[in-house]
Each structure stands twice: as C-alpha cells, then as structure tokens.
Amino acid sequence: MYDSIGVKPRTDLGGEAVARSADRIGVYARAAADADAVQTASRALLGVVARSLAPALEEISLPQFRVLVIMSAAGQPMRSGDLAAALGVHPSTFSRTTNRLETGGWVQRAENPDSRRETLIELQPQGRRLVDTVTRRRHDEIEKILDQATPAARRQILAGMQAFAVASSEPGAVELAALGM
C-alpha cells in the first residue's frame, strides 16, 4: 500500500499509524504546493496592477491615487473625515494629501451645506479620468492575457478566480480601494 504521495509506509513502526501520518504529510505537502501556485499567480496579477498604475504614479503618489479610487467608487462627494478613516490615516495627514490633490486639480474641497463644520471632498473630472484610465489599462492587459489561453484553459482560469474570490471572502470596495484597485 502506498500513501497519497507515492511512499510505501513502513509497517514495522506501527503500520496504520505510520500510514495515516504519511497521508497527513502528503496533505500538508499538497497544501504548500497549492499555496505556492496561488502565490505565483498573485505575483502575476500584481505585475498587471503595477504596470497599469505606473504611468499614473508619474503624476501622483500611490496614497493620492488611493483617495481618487475611493472617491470614484463612492460616486459622490465625501466627508474629509470619512476619507481619512477609509485610508486609515489621521485627519491632519489626510488634510495634507487633500491639499496636494486640490492643488493638482484632482479634487475640490467644499463646505458641507448640512454641517458647516465638515468639509466635503469632490472628485474632479481629471481625477475620474485618471482612475478610469488605470482601470481600463488593467482590464485591457487582463483581456490580452486571457486571449492567450485556450478556451478550456480560459474557463479553468475564470472558474478558479471566481472560486478563489468566494473562498477568500473577496475584500470590499474600501479594502480594494486602499490598495489602489
């Protein structure tokens, strides 16, 4: 009898116990190999993300781009404090980021008509265009990669990606926005 990784267990050391132990080792080895394969695929996807962002990062910083993505996903002006919280930064730190974005024409500050103590930040057309350009660039590169796969491989890739998204409890828009996605 051979275990799941093709090793014949020694029976002189307790037979079944050794066989079960070898099977567990085989399971761990498969899990490690699976994790390695997913990690390799994630590096490939990270490369797609990096290439799609590179031109944008010549104009603004990654933290600034994150702000634009969050605002684009929200689709409406946001309170400054809410944006700072979504980014996990102190409001004073976020105020400096907003200053730079406003100076560059990416966002505009406005007084909240419902509460004069609050400042609203509104994404400007230039900021929306930048987010849309990066998103389109990423989408186009993913399409090119999928076009290189055979129809059967493409179905496998899509099924695997969908299953992975479900298994990993795919992050929400704010979590993805924090990564500039």
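Only the coordinates and a few stated rules stand behind these numbers; no lab work does. On a predicted model such as this, the values are computed, not experimentally measured, just so you know. We place every Cβ from the backbone using ideal geometry, glycine too, and count neighbours over all the protein chains shown.
Between Thr103, Thr98, Thr133, Thr119, which is under 25 Å from Ala41 (Cα atoms) and among the hydroxyl-bearing types (Ser, Thr, Tyr)?
The conditions single out Thr133.
Quickly run through segment 72-96 and pick out the residues that are surrounded by 14 or more Cβ atoms within 10 Å (Cβ to Cβ), farther than 15 Å from Leu123 by Cα and in contact (Cβ under 8 Å) with a residue 60 or more places away in the chain.
Ala86, Leu87
Name the one entry in Val69, Val131 that is under 30 Å from Val38 (Cβ atoms), β-branched (Val, Ile, Thr), in contact with a Gly (Cβ under 9 Å, 6 or more places away or on another chain) and surrounded by 14 or more Cβ atoms within 10 Å (Cβ to Cβ).
Only one candidate passes the filter, namely Val69.
Which of the residues that make up segment 44-66 are assigned to a helix (DSSP H, G or I) and more than 15 Å from the chain's Cα centre (by Cα)?
Correct list: Ala56, Leu57, Glu58, Gln64.
So which residues in segment 69-86 are of a type in the set (D, E, K, R) and either closer than 20 Å to Leu130 by Cβ or assigned to a strand (DSSP E or B) (or both)?
Hit for segment 69-86 is Arg79, nothing else.
How about segment 50-66: which of its residues are surrounded by fewer than 19 Cβ atoms within 10 Å (Cβ to Cβ), touching a residue at least 60 places away in the same chain (Cβ under 8 Å) and among the aliphatic types (A, V, I, L, M)?
Those that are surrounded by fewer than 19 Cβ atoms within 10 Å (Cβ to Cβ), touching a residue at least 60 places away in the same chain (Cβ under 8 Å) and among the aliphatic types (A, V, I, L, M): Leu53, Leu62.
Filter segment 134-156 for residues that are touching a helix residue (DSSP H, G or I) at 6+ places or on another chain (Cβ under 7 Å) and assigned to a helix (DSSP H, G or I) and give the result.
Scanning segment 134-156 gives Val134, Arg137, Arg138, Glu141, Ile142, Leu146, Arg154.
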